[in-house]
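The values are calculated or read from the model by the stated rules, or taken from the named source; none is laboratory data. A quick note: this is a predicted structure, and the numbers were derived from the prediction, not measured. Methodologically, a virtual Cβ is constructed for each residue, glycine included, from the backbone with ideal geometry; neighbour enumeration extends over all protein chains shown. These accessible areas exclude ligands, DNA and RNA; they are computed on the full protein's heavy atoms, side chains included. Shrake-Rupley method; radii C 1.70, N 1.55, O 1.52, S 1.80 Å.
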Amino acid sequence: MDAIYNVLGAISDVVWGPPLLALIVGTGIYLTFRLGLIQILMLPAALKQTFSRKHDKNAEGDISQFQALTTALAATVGTGNIVGVATAIVLGGPGAVFWMWLSAIFGMATKYGEAVLAVKYRVKGPNGEMAGGPMYYLEHGLKQKWLAVMFAIFGALAAFGIGNGTQSNSVANVVNSTFGVPNWITGLILMIFAALVIIGGIKSIGKVTAVFVPVMAIFYVFGGLLIMVLNITEVPGAVMTIIEMAFSTEAAAGGAIGAAIRYGVARGVFSNEAGLGSAPIAAAAAKTDLPGRQGLISMTQVFFDTIIICSITGITIVMSGLYTTTDSDGAGTLTSGAFEYFLGDVGPIIVAVGLIFFASSTILGWAYYGEKCFQYLFKNPSLLIVYRILFIAMVFVGSVISLDLIWTFSDVANGMMAIPNLIGLLGLSGVIAYETKLIRAKLKEEKAQA
């Protein structure tokens, strides 16, 4: 295991080196200005569209726009918001949170572009369900099938890491430390739950996540906001520490500015998935009349995930000061410790219950992503059951193996997914800009008619 971890670690260092970080952030910056600061100027309209269902009733697609959003949120709001933020702070210092914020702001434009292209180039599969995502816009839009195949391969593999093993592993560890339940029992329960929902396909997943996501987000956010309200005088100091450490040249709490940027961006992407190309797979299934409308809705996913939920985790951890005495092995329970520091015995319970909801829903969302990548590579529908069985089994395996090993595997697979997807976004930016003009005109028309 040590040898495998060392090899994956070396690969991860190369994959997540300066070139990929520059490509991820650079794509977001480029789209931000090409689309006229869409994530800032159109955020109110995007939030309004998110909770409006009048446009998706008669449109083509498999699930509602809201269900597409909650499926994508289910896949992104997971251990990255709790364990991922803690890991970033331990390895990169408090400043990592600042770089997480910055990458999220630009990532909103990236996520918008991904969803626009996913709907624009989606196709109807032999089973009548919509199929879309990077593999389709890379093949049919960019005309580069080899990049589409590359994305699909790593997407199908990444589902076992970011969307599966890391989730069950984190839940099992937190449940064990909070309630004393053995890891294998938690893994078995998660596996059975996942199997019952995944077998029903995207419509079943959409229905479950539409209920799961709002409940889990409100539960965890309420706990975090309660801490901030009760300790409001400490919040400004924590925020200033995050900003100051973001530009520190001194190695503190695990890293100087280079480490802060690397782990802030990498864990931010792990959390909100902007640039990975995963969320547009769900966006492609949405009932929507215009690609830009679903793009706006998908854009809010990064806002909810990172700007709100990750911020609550990061600020709470920095306020507690526990990150100064925690190493990478303890990162998995750092958030739980921070909540306990402020709320006593009820703190770890809030984190544990929140993580159970977060991780369970992430497993469901990524089951769909992985399936669609697998189906793109292997057209035979009968082979899908093999992938589902392997995916469901990994839920159990992930709960009992090394945390470091599975997080490193996830980093590698995520990076290899992002490369072809980002190339596609840049190459098809003209299409995204054109669709943006259409949705701006449509929203102006609808406002005039209201």
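Distance between the C-alpha centres of segment 383-429 and segment 135-205: 7 Å, rounded to the whole angstrom. The charge dipole of the chain, taken about its Cα centre with unit charges on the Cβ atoms of Lys, Arg (+1), Asp and Glu (-1) only, comes to about 1880 debye. Remark: relative contact order (the chain) = 37 percent; criterion is Cα-Cα distance under 8 angstrom and separation of 6 or more residues. A protection proxy built from the mean count of other Cβ atoms within 10 Å ranks the segments 427-440, 296-309, most packed first, as 296-309, 427-440.
Using a 1.4 Å probe, what is the accessible area per residue for the chain, in Å²?
Using a 1.4 Å probe on heavy atoms only, each residue of the chain averages 37 Å².
Counting protein heavy atoms only, the chain has 68 percent of its accessible area on carbon and sulfur, 1.4 angstrom probe. Checking every one of the trypsin sites (Lys or Arg not before Pro) in segment 110-213 against DSSP loop status and a limit of 12 other Cβ atoms within 10 Å picks out Lys143.
Phi angles across segment 229-241 convert, under the Karplus curve 6.51 cos²θ - 1.76 cosθ + 1.60 with θ = phi - 60°, into 3J(HN,Hα) values of 5, 5, 10, 4, 5, 8, 5, x, x, 5, 5, 5, 4 Hz, Gly and Pro given as x. For the peptides 93-104, 222-233, 376-387, 413-424, the ranking by mean Cβ contacts within 10 Å, running from highest to lowest, is 93-104, 413-424, 222-233, 376-387. Greater than 26 Å separation of Cα atoms is the criterion. Which listed pairs, Lys287/Lys379; Lys124/Lys444; Lys379/Lys442; Lys143/Lys447; Lys120/Lys379; Lys48/Lys372, meet it? Violating the 26 Å limit, Cα to Cα: Lys124/Lys444; Lys379/Lys442; Lys143/Lys447; Lys48/Lys372.
In the chain, helices alone account for a calculated mean residue ellipticity at 222 nm of -23500 deg cm²/dmol, with every DSSP H run of four or more residues adding -39,500 (n - 2.57).
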